Structure formats: structure tokens, C-alpha cells
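Notes for the one structure printed next.
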Amino acid sequence: MFLLLLIAIAVLFGFGFLDPIWWVAGAVLVYGVTRHARDRGDGRTRNGRADLGDYRDYRERRDRRERWDRRYSRHNRARRRREDRRDHEHHE
């Protein structure tokens, strides 16, 4: 698949000498491929280290999930207390 993309990019840039619109098409293809690879998170590293941006994204998602869990659990505790009080009042 990677080889086919390289060939397609080379052909589009080659056609660019005939009509510059092909250079634009090649640039759009290169942008799309790099954007897709970045969004997908290929797990590639630079200099043998994990990409710092990936770690920041992970940390941000983790923190957001923890905040949601705290809010949701507090909400559930309060709701359970109210339900327990109602049940207790009805049974007396």
C-alpha cells in the first residue's frame, strides 16, 4: 500500500510538468496521507522515544476521563442516597 502511494505521488508530481493542477493534486494526496497516519497513531517514534505529542494527548484524555468518572460517581452517590431515603420513608 505504501509503495502504491509513493508511485501515485510520483506520477502526480510528474504530470505537474504538463499541468500545474497535478502538483496540487499530489500535494493534497501527501497531506491526506500524512494527516491520516498522524490521526491513526501509527506508533512511530522519533529517535527511539515515544512522540511527546502522543503522550500529551493520552494524558489529556486520561484526565478528562478521570474528571468525568468523579462527577459521575458523585452524581450516582447522591442519587442512591435520595432513593434510599425515599425507600426508607415508604417502608415506615
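The values are calculated or read from the model by the stated rules, or taken from the named source; none is laboratory data. This structure is a prediction, so every number in the text was calculated from the model and none was measured. All Cβ positions, even for glycine, are placed from backbone atoms using ideal geometry, and neighbour counts span all protein chains on display. Note: accessible area is taken over every heavy atom of the protein model, side chains too, but ligands, DNA and RNA are not part of it. Shrake-Rupley method; radii C 1.70, N 1.55, O 1.52, S 1.80 Å.
Quick notes
- Taking every residue in segment 1-26 that is under 17 Å from ALA37 (Cα atoms) and pairing it with any residue that is modelled with pLDDT under 90 and open to solvent by 70 Å² or more (accessible area, probe 1.4 Å), at least 6 positions away or on another chain, the pairs with Cβ-Cβ distances below 6 Å are GLY26/PHE13.
- Counted residues, segment 9-29 - those being part of a helix (DSSP H, G or I) and loosely packed, with under 15 Cβ neighbours inside 10 Å: 7
- Any chance GLY32 is open to solvent by less than 100 Å² (accessible area, probe 1.4 Å) and modelled with pLDDT of 85 or more: yes
- Out of ASP19, ASP63, ASP51, sole residue that is out of contact with any Cys (no Cβ under 9 Å at 6 or more places or on another chain) and at pLDDT below 85: ASP51
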